[in-house]
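These notes are about the structure you will find just below.
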Amino acid sequence: MNFENNLSFAQSLDLQDPLRKMRDEYLLPPFIYLCGNSLGLQPKVAKEVLNVQLTNWQNFAVEGWFEGESPWMFYHKELKKLMAPIVGAKPTEVCPMNTLTVNLHLLMVSFYQPKLNRFKIIMEAGAFPSDQYAIESQVRFHGYDPREAIIEVKPRDGEYTLRTEDIVTAIETHGSELALVLFGGVNYFTGQWFDMPAITNAGHQVGAMVGFDLAHAAGNVPLALHDWNIDFACWCSYKYQNAGPGGISGIFVHEKHFNDVTLNRFAGWWGYKESTRFKMEKGFVPEPGADGWQLSCTQVMPMALYHASLQLFEKAGFMEPLRSKSKILTEYLYFIINEVNIEIGYEHFKIITPKNEADRGAQVSIIAKSDGKEFFDKLVENHVLGDWREPNVIRLSPVPMYNSFEDIYKTGELLLTLSKSIL
Ligand SMILES: *Cc1c(COP(=O)(O)O)cnc(C)c1O
């Protein structure tokens with residue numbers, strides 16, 4: 001597209017945007033918000049849906065599990081239907097439960113079963129710290145040395161992002177020693193969207209399980225977890241899915257594993273076969289599907305928030321229209337940053353996120369040649385909120401659900417003004 005760096009052009013793109021009304025469904029903070037990759041904005045209905053559940057609690061008390069318009073006992077099923085299209089799964093393959101790192105551990109209990117020489121895990125270097133700690137502690141739990149068992153794939157010298165060929169080569173190199181390939185879908189730092197089908201195929205070729213942490217991918221980029229034959233995945237709902245701080249997590253387990261009795265699992269009563277759960281009998285019998293991984297009773301309040309947010313995804317038409325807008329919105333941000341660089345006279349702001357739209361979602365990670373932190377702080381002072389990631393990256397995420405082209409234009413305008421006083 002031929003972009004222009006002026007307000008009326010940005011506004012004309014907003015006018016043509018079929019999703020522009022979605023912005024009205026959210027409570028916008030009093031600044032330009034480019035941090036939806038960290039915590040998505042609050043849907044306007046959030047208070048109301050919480051109130052509905054508080055009223056149910058008030059009126060039905062414990063009977064709320066079986067009474068009311070959507071009894072808590074079956075409430076997760078309504079979410080499953082709406083979660084499935086976001087990650088490209090069958091409703092039986094997904095379930096809302098717990099929080100993300102907890103689920104990462106639970107799924108590794110099932111899908112990281114090291115044996116003899118097959119005990120290694122391959123992951124991306126610079127993965128989100130929680131994932132690093134989870135993987136390291138799982139490896140130790142099984143009695144292995146993380147230095148030996150964890151293989152990190154690093155970018156080449158002078159590069160910021162990973163090449164798919166290097167990931168595939170690493171998988172092939174460790175081949176029969178690999179128990180698990182566990183990658184992020186989109187890396188939190190660089191914003192790189194990995195080639196998930198290629199990674200999955202490579203992992204399966206050598207006989208490893210393949211899982212993904214989709215914290216930065218779910219609700220951001222279109223996914224086809226079932227068709228890509230991914231073994232398992234999990235994500236949080238509070239980033240691109242706007243379900244509120246500490247929001248409930250989602251898991252995916254491919255249906256090919258539903259009847260595999262060799263998978264370990266840490267069981268709890270809520271994963272027990274639904275029809276006979278309340279017989280309270282000895283001996284765990286799982287509910288078929290992803291639901292069988294549940295441990296504890298439904299967290300109604302966070303699920304109500306996630307449900308409300310998922311309904312907005314449904315209203316937007318799920319991922320296809322969001323992705324169409326996202327591609328252009330993010331490309332416009334690339335263009336605007338480049339315009340700022342042209343005005344400055346050199347590439348002061350280097351974008352490390354891949355430019356190719358197949359390799360990125362809605363996030364743009366920028367390294368300033370100098371004064372990065374000062375630029376970031378001044379952006380915040382002047383009402384543009386992205387985020388700062390040590391040691392030197394400014395992350396800006398134009399979220400198609402509620403960000404506008406005008407937001408992007410104004411951010412560029414501010415960066416240019418700031419550069420005149422800072423540089
Ligand atoms: C945001 C994020 C987390 C956060 O985990 P919580 O358990 O929800 O605190 C974990 N992993 C990745 C990759 C993330 O991006």
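For this structure, a couple of remarks:
- Sites Val62 and Gln205, calculated FRET efficiency, Cβ-Cβ separation with R0 51 Å, nearest 0.05: 0.50
- Across all Cα atoms of the stretch 134-283, the radius of gyration (one decimal) and Dmax (whole number) stand at 17.4, 61 Å.
- Degrees, to the nearest 10: 100-111 long Cα axis against longest axis of the chain: 50 degrees
- Modelled spin-label separation between Leu54 and Asp157, with each label point placed 7 Å from Cα along the Cα-to-Cβ direction: 6.1 nm.
- P(r) histogram, all alpha-carbon pairs of the stretch 314-395 included - 10 Å bins from 0, percent: 17, 44, 30, 9, 1
- Rounded to the nearest 20, the size of the Cβ-charge dipole of the stretch 51-316 about its Cα centre is 440 debye, with Lys and Arg at +1 and Asp and Glu at -1.
- Evaluating kT/(6 pi eta Rh) at 25 °C and 0.890 mPa s, with the Kirkwood radius of the stretch 51-316 over Cα pairs in the Stokes-Einstein relation, gives 128 µm² s⁻¹.
- Within the stretch 308-368, the trypsin sites (Lys or Arg not before Pro) that combine a DSSP coil assignment with at most 15 other C-beta atoms in a 10 angstrom radius are Lys355.
- Calculated FRET efficiency for the pair Ser137/Phe74, C-beta based, R₀ 30 Å, to 0.05: 0.30
- Accessible area of the chain belonging to carbon and sulfur atoms, whole % at 1.4 Å probe: 53 percent
- Prolate/oblate/rounded call for the stretch 233-351, Cα gyration tensor, a/c under 1.5 rounded: prolate
- Reachable lysines from Lys44, criterion Cα separation under 18 angstrom, eight or more residues apart if same chain: Lys21, Lys239, Lys315
The values are calculated or read from the model by the stated rules, or taken from the named source; none is laboratory data. Values in this document were obtained by computation on a predicted structure and should not be read as measured data. FYI the Cβ positions are ideal-geometry reconstructions off the backbone, even for glycines, and counts take in every protein chain you see. Quick note on the areas: whole protein, heavy atoms, side chains included, nothing else; ligands and nucleic acids left out. Shrake-Rupley method; radii C 1.70, N 1.55, O 1.52, S 1.80 Å.
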